[in-house]
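Quick notes on the structure that follows.
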Amino acid sequence: MDIKNKLTEIIIKNASEKTLTEEFVQGLISVPPEEKLGDFSLPCFRLAKGRKPVEVAEELKNSIAASEDADFFSEIKVVGPYLNFYLNRSKISGTVVAEILKDRENYGRLKEGEGKKIIVEYSSPNIAKPFHIGHLCSTAIGNSLSRIYDFLGYDVVRINHIGDWGTQFGKLISAYKRWGNRETVEKDPINELLKIYVKFHAEAKEHPELEDEARRNFKLLEEGDSEVTALWKFFVEVSLKEFNRMYKLLGISFDSYAGESFYSDKMPEIVAILREKSLLEESDGAQVVRFEDPNMPPCIILKSDGSTIYATRDIAAALYRKRHYDFYKNIYVVGTPQALHFKQVFGVLKKMGYEWADDCVHVGFGYVRFPDRVLSTRNGDVVLLEDVINESVAKTKEIIIENGTAGQIENLDEAANIIGIGAVLFEFQKNGRERDIVFELSKMLDFEGESGPYVQYSYARGRSVLRKANELGIDYKNANLKLLTEDQEYQLVKILQKMSQQVLDSASKNEPYIVTRYAIEICKAFNKFYNSTNVLKSEPDVRAARLALIDATTSCIKETLNLIGVGVVEKM
């Protein structure tokens, strides 16, 4: 049950004005600043239409009181032009908790997206470069959005648009021919390829002609030269093996790994369409598409040497995806600095006559920062994601041992792994995605702060109470859920019933942090209830209802964490 939706439905059904819309009424309903003023409030000014608002409020109150929905409320008060609603706690608690226990992981799921396909492109690391901490933003956010849209009933296609094409491969081929060794690369592919890539940039500063050689190599790759193509395939193969190892560690999967190279044979059509529509213009030897907006720089389609650029490949990819998937939305989870690039790509698609360009969405995010360093792949200054995860897992294990709870956990290494990885994923999605993340491991592993471990511990705490009840032979399956009327119980129930709305809000803004914050909100209310109530020593009927509430709460915590790709442990 979504209480606000139910209240909206009741108001519309009982109002004398018969043209009210759900959106209009939802916009009027508010939560009073003090609980004594009710659960919800409705100002009647905009409903009055020439009448006195107080009269309209009184009329609506009487209509609801005489309706079949009267038992939804314990009281309805007219306070001047306002109608204050006090909900029937017994009915709300009984309905909400029963729904959660019945639906479990499906609680709150909707069919909003039924029959609609959504593409989410995320992660998209560059071949032959290390999977560093900066890649986690796109990977974590994209994974969460995929889960969130799936929860809402959409058919989600997860695409990893691997960076396996472009001038950088010309550079890498030049570097490999000079300093590479196949056997050495096979033993430690990413580090060795990074080493020679960095060396190329250092040498190119002294010998600028190397950049021309790299461009020639990429041109040969585009033309299908057998030698450079064989090297390129080798780089892709060894890199993907490493990337997939990291994805397995994070519990992340994809439906497609179609990278930039997949569209290499599809770009001539893009150029042909643009020429046919007279959209291409020459600019310093390059072929570009110009925009009416004077502040928008032209989009380069072909460079002066005739080779394509990543904008051309993104345009080809979008057209292929529309034809192949017929998407409802095509979402790109790529850093905010690429905002202009996507604006240009979508703008070119629109000029080509594709109105569905408006269904292409760039979901940007900020930088990952460290208090004392700046990341740079070209200079070899990167923080590998695997190193961060290993450190987080090791530190988690230390904390558990120091807390003296290690003996209660059957598999300490597995628990530390789930908590340690979850801590990093949670932190990367705790705030709005466009905010920069200042990476501080100690804060991520704070079991008492607004962190992944705090939420996981709240879950484990609830499960511990349920295990204890089971050991004592306490059965709460047929609990009288209408007994959940105390303040702390009711506040927790009101938060649990918001599941659908929180996920909807998250999807509408493409902001996983809304779900992450919702998980924190549930845990705060649960811990307040837990600390103020000795559940197992309550009267039998009340105890059973409270155990059912704990069961429902842990189910919701688990599902919210699952939506952001974080696991749970039964004991901590």
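The values are calculated or read from the model by the stated rules, or taken from the named source; none is laboratory data. Worth saying up front: this structure is predicted, and the values here are computed from it rather than measured. Counting neighbours? That spans all protein chains shown, and the Cβs are built from the backbone with ideal geometry, glycine included.
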Only one of 302, 349 is over 21 Å from residue 120 (Cβ atoms) and in contact with a strand residue (DSSP E or B) (Cβ under 8 Å, 6 or more places away or on another chain); which? 302
So which of 141, 118, 148 ends up being among the aliphatic types (A, V, I, L, M), modelled with pLDDT of 95 or more and in a strand (DSSP E or B)? 118
Where a residue in segment 177-206 is farther than 14 Å from residue 231 by Cα and its partner, wherever it lies, is modelled with pLDDT under 90 and of a type in the set (Asp, Glu), with Cβ under 6 Å and at least six apart: 190/242
Tell me which of these residue 474 doesn't satisfy, since it passes every other one: (1) modelled with pLDDT of 95 or more; (2) buried (at least 17 other Cβ atoms within 10 Å of the Cβ). (2)
Report every pair of residues separated by at least 6 positions or lying on different chains whose Cβ atoms are under 6 Å apart, first residue within segment 226-237 and in the same structural domain as residue 171 (by TED's automatic domain parsing), second not in a helix (DSSP H, G or I). 235/127; 235/128; 236/127; 236/164
Of residues in segment 350-401 being at pLDDT 90 or above and among the aromatic types (Phe, Trp, Tyr), the one farthest from residue 130 (Cα to Cα): 354
Can you tell which of 464, 506 is buried (at least 23 other Cβ atoms within 10 Å of the Cβ) and either in a helix (DSSP H, G or I) or not charged (D, E, K, R) (or both)? 506
Taking the residues in segment 287-321 that are free of Cβ contacts under 8 Å to residues at least 60 places away in the same chain and of a type in the set (Ser, Thr, Tyr) as candidates, determine which candidate is surrounded by the most Cβ atoms within 10 Å (Cβ to Cβ). 312
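Rundown of residues vs (1) touching a residue at least 60 places away in the same chain (Cβ under 8 Å); (2) surrounded by 13 or more Cβ atoms within 10 Å (Cβ to Cβ); (3) in a loop (DSSP other than H, G, I, E, B), yes/no style:
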position	(1), (2), (3)
386	yes, yes, no
392	no, yes, no
421	yes, yes, no
424	yes, yes, no
431	yes, yes, yes
By residue number, the members of segment 272-330 that are closer than 26 Å to residue 215 by Cβ and among the polar types (S, T, N, Q) are 283, 287, 304, 307, 308, 312
Report whether or not residue 162 is among the aliphatic types (A, V, I, L, M), closer than 18 Å to residue 565 by Cα and modelled with pLDDT of 90 or more. no
When the residues of segment 536-560 are filtered to those that are touching a residue at least 60 places away in the same chain (Cβ under 8 Å) and β-branched (Val, Ile, Thr), which remaining residue is nearest to residue 146 (Cα to Cα)? 560
Given (1) in contact with a strand residue (DSSP E or B) (Cβ under 9 Å, 6 or more places away or on another chain); (2) over 30 Å from residue 542 (Cβ atoms); (3) outside any helix (DSSP H, G or I), identify the lone condition not met by residue 153. (1)
Pull out all pairs, ordered by first then second residue, where Cβ-Cβ is under 6 Å, the residues are six or more apart or on different chains, the first lies in segment 250-279 and is within 25 Å of residue 384 (Cα to Cα) and at pLDDT below 95, and the second is in a strand (DSSP E or B) and among the charged types (D, E, K, R). none
Would you confirm, using the coordinates I've provided, whether residue 243 is of a type in the set (A, V, I, L, M, F, W, C), within 35 Å of the chain's Cα centre (by Cα), under 28 Å from residue 384 (Cβ atoms) and modelled with pLDDT of 95 or more? no
Would you be able to tell me the number of residues in segment 446-479 that are over 23 Å from residue 415 (Cα atoms) and aromatic (Phe, Trp, Tyr)? 1
Residue match in segment 55-71 (condition: without any contact (Cβ under 8 Å) to a residue 12 or more places away in the chain, of a type outside the set (Lys, Arg), out of contact with any Lys or Arg (no Cβ under 7 Å at 6 or more places or on another chain) and farther than 24 Å from residue 94 by Cα): yes
Out of all the residues in segment 17-38, is one or more assigned to a helix (DSSP H, G or I), among the aliphatic types (A, V, I, L, M) and surrounded by fewer than 14 Cβ atoms within 10 Å (Cβ to Cβ)? no
